[in-house]
Amino acid sequence: MHRASLGNVAAMQSWNLNEMDVAPQSPQVLDSEAEGRAIVIALAAGESLPEHQVHEKAWLVVVDGEIEISGPDGDAASGGPGLLSTFDPNERHAITATSDARLLLVLSPWPGEGHPSRRD
């Protein structure tokens, strides 16, 4: 991570996602605030995140490698670097890496309504 100092202004943070040491199936939280959470995920070729959902709006970007995304209603997408997919809160989906893949997941707000960590 790189942090730039801007005097009294909040410091910008930046990461080179392709150079980070991220183990497969061990997501690494990059930043987490009430407005959102950014997570980098590595999946080895053939590995999957079985059908699941999150409580937040989700944006998934393929940084490296190739993936396939499927939903329970037959919706599907596949692609490599630059693929951006969005998911509504509680939308079920599964992800499979067709080659070693690195993903950036952004969730907003954090935590979302209904998330177990919320104390509403």
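Derivation of every value follows stated rules applied to the coordinates shown; laboratory data play no part. The model shown is predicted, which means the values in this text are computed figures rather than measured ones. No Cβ is skipped: glycine too gets one built from the backbone with ideal geometry, and neighbour counts run over all protein chains shown.
Taking springs between alpha-carbon atoms closer than 10 angstrom, which of V29, V40, V106 fluctuates most in the Gaussian network model of the chain?
Residue with maximal mean-square fluctuation among V29, V40, V106: V29.
Once phi is turned into ³J(HN,Hα) by the Karplus curve 6.51 cos²θ - 1.76 cosθ + 1.60 with θ = phi - 60°, what whole-Hz value does each residue of segment 15-21 show in order, with x for glycine and proline?
3J(HN,Hα) across segment 15-21, in whole Hz: 9, 9, 5, 6, 9, 6, 8.
For segment 27-120, which GluC sites (Glu not before Pro) are both in a DSSP coil and crowded by at most 13 other Cβ atoms within 10 Å?
Answer by residue number: E35, E113.
Going 7 Å from the Cα of E51 in the Cα-to-Cβ direction, what parts of segment 70-91 have a backbone nitrogen less than 13 Å from that spot?
So the set is 70-75, 91.
Could you please tell me the mean projected area of the C-alpha convex hull for the chain, averaged over all directions and given in square nanometres to one decimal?
Averaged projected hull area, Cα only: 8.4 nm².
At 0.36 nm per residue, and after removing the present C-alpha to C-alpha distance, how many nm does the segment from S14 to T98 gain when stretched out fully?
Contour length minus Cα-Cα distance gives 27.5 nm.
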